[in-house]
1. What percent of all Cα-Cα pairs in region 4-108 falls in each 5 Å bin, counting up from 0?
2. Within straight cross-link reach of Lys71, meaning Cα distance under 16 Å, which aspartates and glutamates are found once same-chain residues fewer than 8 apart are removed?
3. Can you give the longest stretch of the chain with no exposed loop site, where a site means GluC sites (Glu not before Pro) in a DSSP loop (not H, G, I, E or B) with at most 16 other C-beta atoms within 10 Å?
4. Tell me the trypsin sites (Lys or Arg not before Pro) within region 1-63 that lie in a loop according to DSSP and have at most 16 other beta-carbon atoms within 10 Å.
5. Straight-line reach from Lys132: which lysines fall under 19 Å, measuring Cα to Cα and dropping same-chain residues less than 8 apart?
6. Might you list the cysteines of the chain that have no disulfide-compatible partner by the rule of another cysteine's Cβ under 4.7 Å?
7. At 1.4 Å probe size, with the rest of the protein present, what percent of the exposed accessible area of region 38-118 is carbon and sulfur atoms?
8. Could you give the radius of gyration (one decimal) and Dmax (whole number) of the Cα atoms in region 72-120, in Å?
Amino acid sequence: MNATHEEWRPVVGWEGLYEVSDQGRVRSLNRTVACKFGSTKLYKGRTLTGSVNPKTGYRTATLVDAAKGRKKYAVIHRLVLEAFVGPCPPGMECCHGDLDRSNEALSNLRWDTRSANTLDAVRHRTNAHARKDGCAKGHVFDGVTTTGRRGGIRRYCKRCKSDRDRARNQRREQAR
């Protein structure tokens, strides 16, 4: 039997209430909560299902601490990285190696820069601009330049560039 071992660690800031695994699962722990008139109630721990944020596509878990009166909607990939790697360094963000937002396994996550995250999307062709094959007029991108304002490689339509250059030269001639 070759089962993979799932490691669980406390969710940072929610120790004793929630744990997160290196596979991206979140669970609540057994707890006893004080109720009215001095009675108590036992809440059994369970694995949280999480929900997908419709705007971002990332899975979130709802963390609740009734004793302190707080509630937080946390993205699961951040919980995994904070528990296993440490807090997010300044200027960094969570990056998914395979760009699959539902894959929250520790092996797929890392802290990195926004630039590196964008380059991952370009490399995997999930970036909206990287997927484009032509200009707004329907011409195929047939030119490549490395002299863009930001110094990167840029694709362009030679026909539209030629039309823009011709129009700019005509305006200059008329201004003289």
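The values are calculated or read from the model by the stated rules, or taken from the named source; none is laboratory data. Keep in mind that this is a model prediction, so the values were computed, not measured. FYI the Cβ positions are ideal-geometry reconstructions off the backbone, even for glycines, and counts take in every protein chain you see. Accessible surface is based on the protein model in full, side chains and every heavy atom, while ligands, DNA and RNA are left aside. Shrake-Rupley method; radii C 1.70, N 1.55, O 1.52, S 1.80 Å.
1. 2, 11, 21, 23, 18, 11, 6, 4, 2, 1, 0
2. Glu15, Glu19
3. On the way: sites that count: Glu6, Glu7, Glu15.
The longest uninterrupted stretch comes out as 16-176.
4. On the way: sites: Arg25, Arg27, Arg31, Lys36, Lys41, Lys44, Arg46, Lys55, Arg59; in loops: Arg25, Lys44, Arg46, Lys55.
In loop regions of region 1-63 (DSSP not H, G, I, E or B), the sparsely surrounded trypsin sites (Lys or Arg not before Pro) are Lys44, Arg46, Lys55.
5. Cα-Cα hits under 19 Å: Lys158, Lys161.
6. Cysteines lacking a close Cβ partner in the chain: Cys35, Cys88, Cys94, Cys95.
7. On the way: 2580 of 4910 Å².
With neighbouring chains kept in place, the figure for region 38-118 is 53 percent.
8. 10.2, 31
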